[in-house]
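The values are calculated or read from the model by the stated rules, or taken from the named source; none is laboratory data. Computed from a prediction, not measured in an experiment: that's the story for all the values here. In this analysis, Cβ positions are derived from the backbone assuming ideal geometry, glycine residues included, and neighbour counts consider all displayed protein chains. Remember, those area values only see protein heavy atoms, side chains included, never the ligands or the DNA or RNA. Shrake-Rupley method; radii C 1.70, N 1.55, O 1.52, S 1.80 Å.
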Amino acid sequence: MINKLAVFTDETENFVTPYAPSKKEKVRFKIRVGKKDFTKIRIIFDNNTYEMKKEKNDKMFDFFGVSILVLKNATYYYELENKEGTVFYYNRNGISNSIDHNFDFQIVIDFKVPEWSRGAVMYQIFIDRFCNGDPSNDVETDEYMYRGKEFINNAVIDKNEYVKKAKDWYELPDVKDNTKFYGGDLQGVMDKLEYLKELGVEAVYFNPIFVSPSNHRYDTQDYEYVDPHIGKIVSDKEGVLDANMVSNSQSEKYIERVTNFDNLKASNELLRMLIQKAHSLGIKVILDGVFNHCGSFNKWLDREKIYYEKAGYENGAFIDKNSPYVNYFKFREEKWPYNLSYDKWWDYEELPKLHYEGSEELYHYVMSVARKWIADPYQADGWRLDVAADLGYSKEFNHQFWKDFRKSVKTANRDAVILAEHYENPSEWLRGDEWDTIMNYEAFMEPVSYYFTGMEKHSDKEKKELLGGTEIFINTMKWFQGQMPIQSLETAMNQISNHDHSRFLTRTNRTIGRIYSKGTTGASMDTNKGILKEATVLQMTWPGAPTIYYGDEAGLTGWTDPDNRRTYPWGREDHELLAFYKKIIEIHKRYRALKTGSLIYLVGDYNILSYARFNENEKVIVIFNNNEYPKLDLVIPVWMVEIPDESKLKKIFATDVSGFYENTDEYVVFDGNIKISIPPFSSTILAIS
């Protein structure tokens with residue numbers, strides 16, 4: 001009788017060395033099986049069969065290995081034969097009598113991701129809402145309109161189209177929030193870099209920081225300059241709009257702020273200084289690149305006549321058919337001047353789609369932008385790519401663009417990470433020549449949200465059938481993790497909250513709601529910090545780069561966009577949560593196994609999940625009880641992580657609804673197991689003492 005639970009291997013550096021090989025490099029493959037269970041083991045690599053040799057054994061296991069010269073990207077699986085001649089198969093889906101090749105392991109050659117990004121603790125900052133360090137650059141009320149009246153037939157528009165400055169840093173977002181500014185800026189981030197260092201952050205990811213008329217800045221106005229409203233304003237003018245003004249071309253203040261080169265250069269210099277200071281503290285900086293579309297304010301289109309007949313700028317394509325930028329957009333009709341027939345992303349008038357196929361100049365210009373910010377003198381450490389799969393008008397062009405983008409970026413800075421926003425199967429972009437990795441929705445945020453809260457990531461749907469469904473959770477993770485090579489998996493941005501989805505703490509109330517239906521107070525009602533801690537412990541002990549959305553660590557709540565963009569509550573933080581985050585981040589960074597180690601599932605039941613992260617020297621056991629009823633007694637089979645009898649495991653960290661605890665109980669392994677009692681809505685981390 002073979003022990004199927006003893007069989008294990010994966011694609012990590014524990015079992016594949018080197019885990020990220022070059023072409024024509026010999027790779028060592030290893031697999032672990034129960035002692036004397038199998039007489040022959042073969043690896044079927046790229047449809048070729050290689051016999052593996054038994055290399056060592058201990059009291060519980062035999063270890064087999066083989067070296068193979070790798071010439072190209074390939075998939076592989078294992079055949080295991082016992083003394084009776086029965087053959088079993090092993091891949092990501094485990095051991096079975098038949099093989100589902102959808103779960104085969106993969107190896108991608110010449111795919112190098114930055115070493116620093118493997119398991120890096122990242123921190124996402126929505127700049128307007130993090131910290132106001134320089135009130136002199138704040139957007140002024142009525143400084144401009146988000147959409148001018150002039151090109152919508154002079155119709156009366158909602159007052160919300162006029163930008164406004166929040167009266168109080170702590171006031172909550174409005175239903176229509178794009179035009180409301182709180183004043184967060186780069187100086188504010190600089191002022192708080194020591195806070196981020198103390199928290200344990202290793203990389204900061206900024207939502208867009210380039211010139212833009214909205215607070216989210218996903219409608220880029222100028223790719224070459226940081227927005228002076230979050231940078232530096234050294235030259236200013238009076239002159240905000242009044243109710244009789246129909247065009248943003250009449251806003252002298254706004255035009256001076258965003259077109260004066262003294263302001264623009266000073267703002268770029270501030271970013272350089274910020275990155276330099278971050279690097280001195282050991283913190284990387286990732287910028288947000290919005291290259292699928294720009295904004296209607298963009299100087300190439302200039303629908304708002306910000307740059308029209310302005311010294312140092314060419315006329316925009318919206319106004320002038322002879323503009324040098326006409327081919328940067330796809331116009332459907334000949335309707336100049338004021339041509340509204342340009343293609344728009346998702347038909348948003350404010351988001352004109354860029355037409356790279358129509359302009360080689362645009363293509364090369366954006367490649368130069370990609371290089372500019374990650375090379376000297378700025379030296380940013382990578383790009384997050386907005387709606388990256390949407391860029392271009394065909395899949396073929398999209399892939400060619402990102403291949404060239406990677407060459408441009410990696411030539412300028414080989415240690416820069418390329419991280420794409422993508423919601424579906426990313427495998428065709430993760431072959432070593434386009435993206436490094438993705439924002440990890442399908443293989444992290446969504447299954448984690450369903451498992452712990454039963455809520456969809458927007459809080460607008462519930463799926464109670466997925467709440468606590470451990471088998472479904474594991475199978476989902478196996479499937480979607482299998483769409484990424486190990487290089488991408490270990491660097492994937494693992495978030496539980498971000499700027500597009502509800503705050504995770506709000507999801508713990510398991511209530512359907514949005515700001516317009518439940519109001520801002522509803523997002524804070526009946527929340528459960530025990531569940532938030534569970535999800536965060538999983539985030540910090542799971543393969544990938546755990547990424548905190550600013551303020552989650554301080555107890556922020558909020559429905560989906562725009563309520564999820566509340567300001568960081570400086571002076572009003574939840575200090576118990578903050579201390580919890582600092583400790584769990586410290587644990588994540590203490591154990592290399594939590595960054596690059598293997599993952600093996602141990603125990604599972606309804607709302608009960610246990611797994612281990614391990615390498616040759618470190619064994620970390622993680623246990624969750626997401627039930628609300630009293631303590632449960634569990635038997636955890638730690639022998640599966642090669643922990644022998646009489647070993648001692650220390651409870652190094654534990655959480656529940658009321659708090660968190662360090663270095664408490666000790667457990668002795670007996671007959672391969674430990675017995676442990678765990679409270680409701682709790683997590684426990686054990687390690688060999």
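Right, E309: in a loop (DSSP other than H, G, I, E, B), at pLDDT below 95, within 27 Å of A266 (Cα to Cα) and open to solvent by 50 Å² or more (accessible area, probe 1.4 Å) or not? Here the answer is yes, as E309 does meet what is asked. Taking the stretch 82-125 as the range and being more than 21 Å from M52 (Cβ to Cβ), of a type in the set (F, W, Y) and not in a helix (DSSP H, G or I) as the test, the residues that pass are F111, Y123.
In the stretch 437-462, the qualifying residues are those that are polar (S, T, N, Q) and outside any strand (DSSP E or B), and the one that is surrounded by the most Cβ atoms within 10 Å (Cβ to Cβ) is T453. Scanning the stretch 406-431 for residues that are touching a helix residue (DSSP H, G or I) at 6+ places or on another chain (Cβ under 8 Å), in contact (Cβ under 8 Å) with a residue 60 or more places away in the chain and not aliphatic (A, V, I, L, M) returns D415, P426.
Restricting the first member to the stretch 614-630 and to residues that are closer than 16 Å to R592 by Cβ and in a loop (DSSP other than H, G, I, E, B), and the second to residues that are modelled with pLDDT of 95 or more and open to solvent by less than 10 Å² (accessible area, probe 1.4 Å), the beta-carbon pairs closer than 6 Å and six or more apart or on different chains are N615/A593; N615/G597; E618/A593.
Based on what the data block shows, is D128 within 17 Å of K180 (Cα to Cα) and buried (at least 23 other Cβ atoms within 10 Å of the Cβ)?
yes
If I filter the stretch 644-657 for residues that are open to solvent by less than 10 Å² (accessible area, probe 1.4 Å) and farther than 16 Å from I587 by Cα, do I get at least one hit? Scanning the stretch 644-657 turns up no residue that is open to solvent by less than 10 Å² (accessible area, probe 1.4 Å) and farther than 16 Å from I587 by Cα.
Pairing each residue of the stretch 128-145 that is without any contact (Cβ under 8 Å) to a residue 60 or more places away in the chain with any residue that is open to solvent by less than 30 Å² (accessible area, probe 1.4 Å) and outside any helix (DSSP H, G or I), provided the two are 6+ apart or on different chains, yields C-beta distances under 6 Å for N132/G183; N132/G184; G133/D185.
Among the hydrophobic types (A, V, I, L, M, F, W, C) and part of a helix (DSSP H, G or I), is that true of L264? For L264, the condition - among the hydrophobic types (A, V, I, L, M, F, W, C) and part of a helix (DSSP H, G or I) - is met. In this structure, is L301 crowded, with 23+ Cβ neighbours inside 10 Å and either free of Cβ contacts under 8 Å to residues at least 40 places away in the same chain or over 30 Å from S117 (Cα atoms) (or both)? Answer is yes for this residue.
Can you report the number of residues in the stretch 620-636 which are surrounded by fewer than 18 Cβ atoms within 10 Å (Cβ to Cβ) and of a type outside the set (V, I, T)?
Of the residues in the stretch 620-636, 6 are surrounded by fewer than 18 Cβ atoms within 10 Å (Cβ to Cβ) and of a type outside the set (V, I, T).
Report whether or not T527 is within 17 Å of the chain's Cα centre (by Cα) and either within 26 Å of G94 (Cβ to Cβ) or of a type in the set (S, T, Y) (or both). It is false that T527 is within 17 Å of the chain's Cα centre (by Cα) and either within 26 Å of G94 (Cβ to Cβ) or of a type in the set (S, T, Y) (or both).
Against the condition farther than 30 Å from T17 by Cβ, modelled with pLDDT of 95 or more, out of contact with any strand residue (DSSP E or B) (no Cβ under 6 Å at 6 or more places or on another chain) and β-branched (V, I, T), how does T520 come out, does it pass?
It is false that T520 is farther than 30 Å from T17 by Cβ, modelled with pLDDT of 95 or more, out of contact with any strand residue (DSSP E or B) (no Cβ under 6 Å at 6 or more places or on another chain) and β-branched (V, I, T).
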